[in-house]
1. For the stretch 233-254, which residues satisfy the criterion of being open to solvent by 40 Å² or more (accessible area, probe 1.4 Å), without any contact (Cβ under 8 Å) to a residue 60 or more places away in the chain and within 17 Å of Arg209 (Cα to Cα)?
2. For the stretch 175-203: of the residues being outside any strand (DSSP E or B) and farther than 22 Å from Phe242 by Cα, which is most open to solvent (accessible area, probe 1.4 Å)?
3. Please go through the stretch 71-87 and pick out each residue that is part of a loop (DSSP other than H, G, I, E, B) and either touching a Lys or Arg at 6+ places or on another chain (Cβ under 8 Å) or open to solvent by less than 70 Å² (accessible area, probe 1.4 Å) (or both).
4. Could you grab me the full set of residues in the stretch 281-323 that are assigned to a strand (DSSP E or B), crowded, with 17+ Cβ neighbours inside 10 Å and of a type in the set (Gly, Ala, Ser)?
5. Taking only pairs six or more apart or across chains, which ones have beta-carbon atoms under 7 Å, a first residue in the stretch 382-393 that is open to solvent by less than 60 Å² (accessible area, probe 1.4 Å) and in a strand (DSSP E or B), and a second residue that is modelled with pLDDT under 95 and not charged (D, E, K, R)?
6. Right, Val226: surrounded by fewer than 21 Cβ atoms within 10 Å (Cβ to Cβ) and of a type in the set (A, V, I, L, M) or not?
7. Please list, ordered by first then second residue, the pairs with beta carbon atoms under 8 Å, 6 or more apart or interchain, first in the stretch 197-214 and at positive phi, second assigned to a strand (DSSP E or B).
8. If you scan the stretch 88-109, which residues turn out to be out of contact with any His (no Cβ under 8 Å at 6 or more places or on another chain), open to solvent by 20 Å² or more (accessible area, probe 1.4 Å) and free of Cβ contacts under 8 Å to residues at least 40 places away in the same chain?
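The values are calculated or read from the model by the stated rules, or taken from the named source; none is laboratory data. Here the structure is a predicted model, which means the values were calculated and not measured. FYI the Cβ positions are ideal-geometry reconstructions off the backbone, even for glycines, and counts take in every protein chain you see. The protein model used for the area step is the full one, side chains on, heavy atoms only, and it has no ligands, DNA or RNA in it. Shrake-Rupley method; radii C 1.70, N 1.55, O 1.52, S 1.80 Å.
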Amino acid sequence: MPTNERQNARKAKKRRDEQRTKRIIWIVIILVAALLIVMKVMEIDINSIRNRFSGEEKSISEVLMDNAYPYSLDSSKGVKVTAQNDKLNILTDVSCTVLNPTDAAVLYHFSHGYANPIMKAAGNYFVTFDQGANRLRLDTLNASVYETKTENPILTANVAKNGNVIYAMKSSSSKSTVVVINASLKKLTEFEVNDGYVVLTAIDPAGKRCAYATVNTKNAKLVTTVYTINIGDDKERAHFDFEGTDLLDLRYCASDLYIIGNDCVSTVTSQKKQHEVFKKGDVNTVCFNYTSNGELVYVYSKYSAANENYLAHISPTGKVGVTVELNQKPKYVSSSSNEMTVLLPDKIVTYSITKGDKRAETDCDDSLSSVHKLSTKCFVCRHQLIDVVEQKKIPNEKKA
């Protein structure tokens with residue numbers, strides 16, 4: 001009898017152990033299944049979990065960013081990306097889209113229907129106009145302000161940080177008409193321009209100072225003339241001639257004006273005093289952009305076919321600050337915080353804007369057309385896609 005009791009007890013214990021093991025296995029299976037369901041719902045890549053065990057831990061925002069990009073645009077034509085107030089403002093030939101770069105959430109979107117759309121941005125505002133037609137609209141990063149029709153075809157336009165818009169249009173009584181309106185469509189000034197067709201306009205952040213450039217022929221030579229004028233004045237404050245130079249941009253930084261040509265750079269202080277940073281023929285403009293404060297980041301070479309290129313930060317008073325020599329010709333340059341980022345054919349490199357030392361870099365291919373660095377991430381445009389890449393920081397001892 002004792003022997004049978006012991007055998008029966010062992011069998012009962014074995015059955016209990018087997019049942020306990022089965023329960024544990026089922027609990028594990030149910031937990032794994034629940035975890036997979038949760039991960040599927042949240043669209044979290046299983047690789048992000050592996051990274052936690054491999055020491056490459058990612059934050060929730062980084063996981064969300066990884067799953068949000070690449071972001072596909074509605075067109076690959078006419079794509080222009082602008083970093084505006086830490087947002088990505090993207091113009092295509094079809095529409096305009098404002099993205100939150102953290103998760104690619106669409107903050108604002110509209111289809112413009114313009115045949116030749118051009119966009120200019122300042123502060124929280126941006127103006128989009130149909131060059132050669134008569135439609136123009138003002139928007140903020142999250143709402144429409146207005147859309148209006150002009151009397152004649154628009155030549156060019158620009159916007160101030162306070163929402164004032166300056167635009168030039170063809171004129172029936174002269175060559176061009178320049179108009180400044182505020183965010184409520186109230187006309188602040190209007191005047192005729194007889195000297196030539198207006199090709200560029202600029203307006204200072206306060207919306208009070210203006211500049212415009214005209215193209216005309218003088219003594220059988222093509223001359224571009226820049227005029228400065230204040231709203232409320234009857235005549236211009238000053239004018240500056242650029243013979244044989246193609247002007248690329250006019251831009252105010254506070255009350256000072258940048259004039260950028262294909263072969264020169266100047267600044268104008270107090271609407272009157274010109275300072276030639278690079279005289280005509282001294283440089284060949286490769287590309288340029290502006291800091292969030294409106295200061296110029298400029299890439300140039302000594303001549304058009306030169307292998308050596310230079311990246312420079314130029315103050316609004318015309319002082320050339322840090323200058324970095326580049327061994328390749330950049331395709332694009334941008335600036336954020338205290339850094340300058342250049343897009344080369346095979347690399348994205350970031351430099352300090354104050355010291356010129358290399359801060360970070362990463363490899364890329366030649367399909368990229370632009371790059372904007374926000375925080376530690378680089379947002380790049382490739383055809384119809386907006387993607388995000390991360391640079392490798394350069395150790396202090398290797399910075400050059």
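1. In the first step, residues of the stretch 233-254 are kept if they are open to solvent by 40 Å² or more (accessible area, probe 1.4 Å); the result is 233-237, 239, 241, 243-244, 246, 248, 251, 254.
This time we only want the ones that are without any contact (Cβ under 8 Å) to a residue 60 or more places away in the chain, so: 233-237, 239, 241, 243-244, 246, 248, 251.
Answer for the stretch 233-254, where residues must be open to solvent by 40 Å² or more (accessible area, probe 1.4 Å), without any contact (Cβ under 8 Å) to a residue 60 or more places away in the chain and within 17 Å of Arg209 (Cα to Cα): Asp233, Asp234, Lys235, Glu236, Arg237, His239, Arg251.
2. Among residues in the stretch 175-203 that are outside any strand (DSSP E or B) and farther than 22 Å from Phe242 by Cα, the one most open to solvent (accessible area, probe 1.4 Å) is Lys186.
3. Filtering the stretch 71-87 for residues part of a loop (DSSP other than H, G, I, E, B) gives 73-79, 85-86.
Answer for the stretch 71-87, where residues must be part of a loop (DSSP other than H, G, I, E, B) and either touching a Lys or Arg at 6+ places or on another chain (Cβ under 8 Å) or open to solvent by less than 70 Å² (accessible area, probe 1.4 Å) (or both): Leu73, Ser75, Ser76, Gly78, Val79.
4. Matches in the stretch 281-323: Ser301, Ala312.
5. Going by the 7 Å Cβ cut-off, the qualifying pairs are Val388/Met65.
6. Working: surrounded by fewer than 21 Cβ atoms within 10 Å (Cβ to Cβ): no; of a type in the set (A, V, I, L, M): yes.
When the stated conditions are applied, Val226 does not pass them.
7. Every condition considered, the pairs that remain are Gly207/Val180; Gly207/Leu188.
8. Matches in the stretch 88-109: Asp93, Asn100, Ala105, Val106, Leu107, Tyr108, His109.
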